[in-house]
1. Assign unit charges at the C-beta atoms only (+1 for Lys and Arg, -1 for Asp and Glu), then state the dipole size of segment 14-87 relative to its Cα centre in Debye, rounded to the nearest 20.
2. Rounded, prolate or oblate for segment 19-65? Axes are the square roots of the Cα gyration tensor eigenvalues, ordered a ≥ b ≥ c, and the cut-off for rounded is a/c under 1.5.
3. Could you work out, for segment 1-42, what percent of all Cα-Cα pairs fall into each 10 Å distance bin, beginning at 0 Å and stopping at the bin that holds the largest distance?
4. In nm, to one decimal, how far is the modelled label at Asp85 from the one at Ile35, with both set 7 Å along Cα→Cβ?
5. Mark the label point 7 Å from the Cα of Glu10 along Cα→Cβ and return the residues of segment 57-84 whose backbone N is within less than 16 Å of it.
6. Taking only protein heavy atoms and a 1.4 Å probe, what accessible area per residue, in Å², does the chain have with all protein chains in place?
7. Rounded if a/c is under 1.5, else prolate if a/b beats b/c, else oblate: with a ≥ b ≥ c from the C-alpha gyration tensor eigenvalues square-rooted, which is segment 2-87?
8. Applying a 10 Å radius around every beta-carbon, put 13-24, 45-56 in order of their mean neighbour count, most first.
Amino acid sequence: MKEIRINIPEYDNCIELVWEKDFKIKTRYEYDTIIIEANKAGLVSLARHLLVLAQQEAPSGSHIHLDEFNSLEDSSVELILDKNDDL
């Protein structure tokens, strides 16, 4: 198994979004399928955001909204990353 190290901001009553340089992420909905396309920097950035949400200190209901006006490529559909501790 390969070990990967990534710096994750601590959750402190807010979510700090840290993006890798030159990240690109595009989302679309096609034939009842959600598709997320990203370059390496985009995938690492998304992984970091998910790990911030996964922290014990982040309460259920914490979420991140991404869309074409906020971090995603043009014509992307909105993407919401939502923590739900009841699942």
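1. Working: 7 positive and 15 negative charges, 65 e Å.
Roughly 320 debye, rounded to the nearest 20.
2. oblate
3. Per 10 Å bin, starting at 0, the Cα pair percentages come out as 21, 33, 36, 10.
4. It is 3.7 nm.
5. 57-59
6. On the way: 6570 Å² over 87 residues.
I get 75 Å² per residue for this part.
7. On the way: a/c = 1.75, a/b = 1.28, b/c = 1.37.
Here segment 2-87 falls in the oblate category.
8. Values: 13-24: 12.8, 45-56: 16.6.
Highest-to-lowest ranking by the protection proxy: 45-56, 13-24.
The values are calculated or read from the model by the stated rules, or taken from the named source; none is laboratory data. Only a predicted model underlies this, so the values are computations on that prediction, with no experimental measurement involved. Note that we place each Cβ from the backbone using ideal geometry, even for glycine, and neighbour counts take in every protein chain shown. For the accessible areas, the whole protein counts, side chains as well, though only heavy atoms, and no ligand, DNA or RNA atoms are used. Shrake-Rupley method; radii C 1.70, N 1.55, O 1.52, S 1.80 Å.
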